[in-house]
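Enquirer: Below: one structure in structure tokens.
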Amino acid sequence: MEIYAHRGSSGTHPENTIAAFQEAARLPIQGVELDVHLSKDGELVVIHDEKINRTSKGKGFVKDMTLAELKAFDFGSWFSDDFKGQTIPTLREVLELFADTSHHLNIELKSDMFPYPGMVGKVVALVEEMEFDTRVVLSSFDHESIRAAKQVAPHLETAPLFKEVLVDPLDYMYNVPADALHLYFRTAFRPSIQEALKTGAIIRTYTVNKEKDAEALRDIGVSAIFTDFPEKMIPYAIKKS
Ligand code: G3P
Ligand code: MG
């Protein structure tokens, strides 16, 4: 089972910052997950929420601020004074950080609340420019974005995100169309998902922070977990013989 650092190594470092991604880059894990929004001036920025309130001392929507305005805020000290001075990364900055590693990148398109016209095309263009084509998976709760990504870039791996319990999960996946499913981890134990796993489907699950949950997911054949504590999870991803 593979391990993806969720929002970088976000249990020990401020989520979606260069510090969190540097920590993930240091670890012998397979991947990293990050969230992307579009700024007022059309820049791809890495942050989870639509607003900057929770992870900075500022207030307001990402979509209403330019990159220069967003870069003025501190995105580290809400987590700990040790990380004072961390700024919001652009997607380009994060891809540069992983340019010389073997990590796969799960870019989550946060277009479910605001549709961010043009965001899919910008992400695809940057992934291609920086030659991440074979080590990226584009995911979203906004399945229209996933369909659009496949239309403009059929060679890139895509995955719809779900919180819900699914029936006929692979029928839905093929219909989007997409290559994998990214699920809330508790739903992976349902019979329909366990059946899908037996056919070799790629199923990754979020957000898995307890060792016993990681072991159970590994034992049913889940492809990967997203975790805030990737270093802690490394021993639990390996199946005991
Ligand atoms: O991509 C997995 C997970 O990140 C989805 O939920 O809210 O943490 O972005 P969220
Ligand atoms: Mg996410």
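Enquirer: Can you find, within region 6-40, the residue that is surrounded by the fewest Cβ atoms within 10 Å (Cβ to Cβ) among those that are away from ligand 2 (no atom under 16 Å from the Cβ) and of a type in the set (A, V, I, L, M, F, W, C)? Please lay out each step first, then the result.
Expert: Filtering region 6-40 down to residues away from ligand 2 (no atom under 16 Å from the Cβ) leaves 12, 18-19, 22-23, 25-30, 39-40.
Filter once more, keeping what is of a type in the set (A, V, I, L, M, F, W, C): 18-19, 25, 27, 29.
Details: I18: 23, A19: 22, A25: 20, L27: 17, I29: 23.
For region 6-40, the residue satisfying everything is L27.
Enquirer: Which one of these does A196 not meet: (1) more than 16 Å from ligand 1 (Cβ to nearest atom); (2) free of Cβ contacts under 8 Å to residues at least 24 places away in the same chain; (3) surrounded by 20 or more Cβ atoms within 10 Å (Cβ to Cβ)?
Expert: (2)
Enquirer: Which residue pairs have Cβ atoms closer than 8 Å, lie 6 or more positions apart in sequence or on different chains, and pair a first residue in region 199-210 that is without any contact (Cβ under 8 Å) to a residue 12 or more places away in the chain and small (G, A, S) with a second residue that is part of a loop (DSSP other than H, G, I, E, B) and within 14 Å of ligand 1 (Cβ to nearest atom)?
Expert: Qualifying pairs under 8 Å: none.
Enquirer: What single numbered condition from (1) modelled with pLDDT under 95; (2) touching a Phe, Trp or Tyr at 6+ places or on another chain (Cβ under 6 Å) fails to hold for A19?
Expert: (1)
Enquirer: Let me ask something additional. Which residues, counting only those in region 147-183, are within 14 Å of ligand 1 (Cβ to nearest atom) and either modelled with pLDDT under 95 or hydrophobic (A, V, I, L, M, F, W, C) (or both)? Steps first, please.
Expert: As a first pass, look at region 147-183 and keep what is within 14 Å of ligand 1 (Cβ to nearest atom): 157-164, 178, 180-183.
Within region 147-183, A159, L161, F162, A178, A180, L181, L183 meet the criteria.
Enquirer: Give region 201-214 a look and list any residue that's in contact with a helix residue (DSSP H, G or I) (Cβ under 9 Å, 6 or more places away or on another chain) and more than 25 Å from L170 (Cβ to Cβ), or say none.
Expert: Once the filter is applied, which keeps residues that are in contact with a helix residue (DSSP H, G or I) (Cβ under 9 Å, 6 or more places away or on another chain) and more than 25 Å from L170 (Cβ to Cβ), region 201-214 yields N209, E211, K212.
Enquirer: Between a residue in region 39-60 that is closer than 15 Å to F79 by Cα and any residue that is small (G, A, S) and surrounded by fewer than 19 Cβ atoms within 10 Å (Cβ to Cβ), which pairs come within a Cβ distance under 9 Å, given they are 6 or more apart or on different chains?
Expert: Within 9 Å, the pairs are I52/G58; I52/G60; N53/G60; S56/S77; K57/S77; G58/A72.
Yes/no matrix, rows are residues, columns are (1) in contact (Cβ under 8 Å) with a residue 60 or more places away in the chain; (2) within 16 Å of ligand 1 (Cβ to nearest atom); (3) in contact with a His (Cβ under 6 Å, 6 or more places away or on another chain); (4) not aromatic (F, W, Y):
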position: P28; (1), (2), (3), (4): yes, no, no, yes
position: L70; (1), (2), (3), (4): no, no, no, yes
position: W78; (1), (2), (3), (4): yes, no, no, no
position: Q86; (1), (2), (3), (4): yes, no, no, yes
position: E93; (1), (2), (3), (4): yes, no, no, yes
position: A99; (1), (2), (3), (4): no, no, no, yes
position: N106; (1), (2), (3), (4): yes, yes, no, yes
position: G121; (1), (2), (3), (4): no, no, no, yes
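Enquirer: I'd like to verify a number: residues in region 93-120 that are outside any loop (DSSP other than H, G, I, E, B), closer than 17 Å to S139 by Cβ and either away from ligand 2 (no atom under 16 Å from the Cβ) or touching a helix residue (DSSP H, G or I) at 6+ places or on another chain (Cβ under 9 Å) (or both), how many? Even if it seems obvious, please write down each step before you answer.
Expert: We begin by selecting, within region 93-120, every residue outside any loop (DSSP other than H, G, I, E, B); these are 93-97, 104-109, 119-120.
Subset that is closer than 17 Å to S139 by Cβ: 94-95, 104-109, 119-120.
With the extra rule that they be either away from ligand 2 (no atom under 16 Å from the Cβ) or touching a helix residue (DSSP H, G or I) at 6+ places or on another chain (Cβ under 9 Å) (or both), the set shrinks to 94-95, 104-105, 107, 109, 119-120.
Total satisfying the criteria: 8.
Enquirer: Which residues, taken from region 38-55, are hydrophobic (A, V, I, L, M, F, W, C), more than 11 Å from ligand 1 (Cβ to nearest atom) and assigned to a loop (DSSP other than H, G, I, E, B)?
Expert: Going through region 38-55, the residues hydrophobic (A, V, I, L, M, F, W, C) turn out to be 38, 44-47, 52.
Adding the requirement that they be more than 11 Å from ligand 1 (Cβ to nearest atom) leaves 38, 44-46, 52.
Result: I52, single match.
Enquirer: Working carefully through the options D35, D82, find the one that is of a type in the set (D, E) and not in a helix (DSSP H, G or I). Even if it seems obvious, please write down each step before you answer.
Expert: Working: D82 fails: not in a helix (DSSP H, G or I).
After ruling out the rest, the residue left standing is D35.
Enquirer: Here is a follow-up. Please enumerate the residues belonging to region 12-32 that are in a loop (DSSP other than H, G, I, E, B) and under 24 Å from D219 (Cα atoms). Write out each step before concluding.
Expert: Filtering region 12-32 for residues in a loop (DSSP other than H, G, I, E, B) gives 12-17, 27-30.
Correct list: L27, P28, I29, Q30.
Enquirer: Could you look through region 41-50, keep only residues that are touching a helix residue (DSSP H, G or I) at 6+ places or on another chain (Cβ under 7 Å) and closer than 12 Å to I88 by Cα, and pick out the one that is surrounded by the fewest Cβ atoms within 10 Å (Cβ to Cβ)? Quick ask: steps written out before the conclusion?
Expert: Taking region 41-50 first, the residues touching a helix residue (DSSP H, G or I) at 6+ places or on another chain (Cβ under 7 Å) are 41, 43-47, 50.
Adding the requirement that they be closer than 12 Å to I88 by Cα leaves 43-47.
Working: E43: 19, L44: 24, V45: 23, V46: 28, I47: 25.
Step by step, filter region 41-50, then rank; the result is E43.
Enquirer: Please work out which residue is nearest to A5 (Cα to Cα), limiting yourself to region 99-123 and to residues that are surrounded by 20 or more Cβ atoms within 10 Å (Cβ to Cβ) and among the hydrophobic types (A, V, I, L, M, F, W, C).
Expert: L105
The values are calculated or read from the model by the stated rules, or taken from the named source; none is laboratory data. In this text the structure is predicted, and so the values were computed from the model without any measurement. Counting neighbours? That spans all protein chains shown, and the Cβs are built from the backbone with ideal geometry, glycine included.
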